[in-house]
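Asker: Quick one: the structure is below, and I'll ask about it shortly.
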Amino acid sequence: MLLRQRQVATLVAISLATGVPIILLAHTAAAPYTQLASSTLACVAAVLCSLAARRAIGLARGGWGLIAAGLASWGLGNFYWSYNELIAHAEVLFPSWADLGYLLFPVLAAAGLFLISGWTTVGSRLTVLLDGLIAGCALFAIAWAVTLRSVWEAGADSAFAFVVSLAYPVSDIVLVTMAVLIAARTRRGGRGVGLLLIIGLAGLATSDTMFALDTSAGTYYTGQPTDAGFFLCFAAFGAAGWAAARQPMVFDETGVMNRLQIMLPYVPFGLAAAVAVGQVPAGVTSDAAVAVPMLAGLVLILLRQLSTLLHNSALTRRLRHQAYHDPLTGLGNRALFNERLDQALSSGRPAAIVYLDLDDFKMINDSLGHDAGDIVLRTVGDRLAACSTAEDTVARLGGDEFAVLTGQVDGLEAQAERLLYALREPFEVGSRMVRVSASVGIAVAAGPEGTRPEDLRKNVDLAMYAAKGQGKNTYAMFELSMRQGFDREMMWRAELGQALADRSLHLAYQPIVGLADHRVVGVEALARWDHPGLGPVAPEVFIPVAERAALIGELGMFMLRRACAEFAAWPGARDAYLSVNVSPLQMLDPEFTAMVIATLAEAGLRPQQLVLEVTENALADESEVIGTLAQLRATGVRIAIDDFGTGYASLRYLHLFPADIVKIDRTYVQDIARDPAAVRIVGTLWQLFGAIGLTAVAEGIEDPAQAAMLLELGCPFGQGFLYGYPAPLGSLTSLVVDPVSV
């Protein structure tokens, strides 16, 4: 949860308000007792910072713990001072045990701020050290001109007392520097904690400075107005601890310095230079206490510039590595692979690509989870690297795709075999043993005349898909016929898309008849495509193209709408039904049922007049389509299982699948008049279909002997060339057809 600006402003206002009572109570009899309030406030702030420590993680936990210890130390020291002054009425010596408690706070707080900051790398630690030293030198020079010179000139009763007097403003310089460095690194939206720390330390520095001046002059008294800075400090630290417990500070880890970080050390140094120059007109000459820190600051600035150059160089190398390597496997990525491929082909050196796509990797992610999938990908990457030479470029192109760019164009088949063998070795993922396989494509650059990178990538992609088509877990070398097949596929896709746009496809209809009386009981609509340049294109060619090109939805709905419209205008529509083929891919569309009903309504047909034919292969994964088919049957549309006996479905699907008609494939019909085994199979099927309430239709009837045998076995309906070839619906002028002589 982000700390909103209004919340930060409220916390700042509360912190500032805590100093108001001490200002109002100054010069009153109650002024000394304000020490008890500041001690209590310091202890409360310690508790809140302890809460931040409990919620923090890593080094930040120890950092907030040190700050809490420093606040408690200050509070205990101040309680000791208050006891002597208010209860024992004893003179509090300077320095005393109270000063030990006071001075432990800046030491512990500085260490805590360093741990909170998150500077973990050597480069970041060096940068912050130099920034801190530069700012510290500048602030010391300013403090000398404003405060420390007066303390130095006033002296003290002892050397130890003098050192303690100086320790207050010097330690505050360190604290303020640390707080500013932290605030510069915090991300936008999380800078409220840093702001509160800076405000608190500014109040502490102000009060400590005035305490040092008044102590050296012998004018300090408890509860003077300048003690308000202590209240401000502890209230702000308590608010920072409370805020950090709700929202931990988040720092920039990109390594890229923002504008504030770049300018940070130069601002106080420039201010110190301005103060030193500004004292010249007043007759104050700069002494060694100013000159030495300023000279040291200049040297440190030069070192910082050198450190920045080295840091930027290392950052550039790291960013380049990240830009060219896969973060999961450590292999090269697509950018590196393409760059190396361009270099190899432009130089004319021999080059080949071995391209791997893991088989069924989605199943691993779905069953074992993505963490397990990451382990698999890292293992595959390690094995590919182990099977390759140092001169090869091994890359993960994305997902479960890997590639090896090699200059060894001989023995590529053996290399592919080694890769496949290495991948098949089982390995442990959690508590499971996992085996993986891959489909591998291989393509070689076409000689010294050169091959374009995009062509070589396309070739190896085609080879990989050829390996997939061979059953996976194998490899295939690119052949020119693959490119020709790809080009032909692209041509068919473009032509079919244009044909759909032009509405140049049409339908032919084949009658479905009763075998006993030859009466037409239905017509099957069949898509036909007469290409203007290539002539008739077989459905076996363009329908698979439509499915691969994601055009089957458009093609299927075009067929359905045109078939319904033409069937509604056919005189025999009242006594027959319309049968239309649909692809399983169409039924994956959640809007398919609604589109079918809308099409029937538009044509003026009843749902009972439509039969949708689904190939038997769609039954192999009934979960994907069974819901849609059930919805369609609920509306009155009937479902037919087409080409039964050629796919992957078992007999149990006949009972589970929402179907009304089973169309037995032509292969069972062709030999029925000659093969007794075929007769027994078909006869058994008819009995089975009748027992479970399915209507049987025999496909591919071509001669009267087949028709007679089917009728004898109990098959009621059939279709085939014996009763008519696919033709325009208007040519079916009679509801009774005569067998065609074939």
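Every number here is computed from the coordinates shown, using simple stated rules; none is lab data. These numbers were taken from a predicted model, which means no experiment stands behind them. Here the Cβ is made from the backbone with ideal geometry for all residues, glycine too, and neighbour counts use every protein chain on show.
Asker: Roughly what would the spin-label model give for S731 and D410, points 7 Å off Cα along C-beta, in nm?
Answerer: Result for the modelled spin labels: 6.3 nm.
Asker: Using the reciprocal of the averaged 1/r over all distinct C-alpha pairs, how large is the Kirkwood radius of the range 493-731 in Å?
Answerer: On the way: mean 1/r = 0.0542 Å⁻¹.
It is 18.4 Å.
Asker: Could I ask something else about it? Putting +1 on Lys and Arg Cβ atoms and -1 on Asp and Glu Cβ atoms, find which of G399, V409, A386 reaches farthest to the positive end of the dipole of the range 334-478.
Answerer: G399
Asker: What are the equivalent ellipsoid semi-axes of the range 1-63, built from the alpha-carbon gyration tensor (square roots of five times its eigenvalues), in whole angstrom, biggest first?
Answerer: Values: eigenvalues 181, 62, 8 Å².
So the equivalent ellipsoid measures 30, 18, 6 Å along its semi-axes.
Asker: I've got another one for you. For A446 and A17, calculate 0.36 nm times their separation in residues minus their Cα-Cα distance, and state this gained length in nm to one decimal.
Answerer: On the way: separation 429, 0.36 × 429 = 154.44 nm, distance 8.06 nm.
My answer for the length gained is 146.4 nm.
Asker: Under a point-charge model restricted to the Cβ atoms of Lys and Arg (+1) and Asp and Glu (-1), what is the dipole moment magnitude of the range 656-699 relative to its Cα centre, in debye to the nearest 20?
Answerer: So the dipole magnitude of the range 656-699 works out to roughly 80 debye.
Asker: Normalise the Cα radius of gyration of the range 416-479 by 2.2 N^0.38 Å (N = residues in it) and let me know the number.
Answerer: Normalised Rg, Cα atoms only: 1.40.
Asker: Using the 10 angstrom Cβ neighbour count as an exposure proxy, how do W686, W570 rank, fewest first?
Answerer: W570, W686
Asker: How big is the Cα convex hull of the range 334-478 in projection, averaged over all directions, in nm²?
Answerer: Its average projected convex-hull area is 8.1 nm².
Asker: Among all the lysines, which ones have a C-alpha under 24 Å from K472's C-alpha, if same-chain residues fewer than 8 places away are not counted?
Answerer: K362, K458
Asker: To continue, here is another question. In whole Å, how far is the Cα centre of the range 522-539 from that of the range 654-713?
Answerer: Taking the Cα centre of each part, the range 522-539 and the range 654-713 sit 27 Å apart.
Asker: Work out, step by step, the length gained on full extension between D487 and D575: first 0.36 nm times the residue separation, then minus their alpha carbon distance; give nm to one decimal.
Answerer: Extending this stretch completely gives an extra 27.0 nm.
Asker: Of the beta bridges DSSP finds with both residues in the range 493-731, what % are antiparallel, to the nearest 5?
Answerer: Antiparallel bridges make up about 40 percent of those DSSP assigns within the range 493-731.
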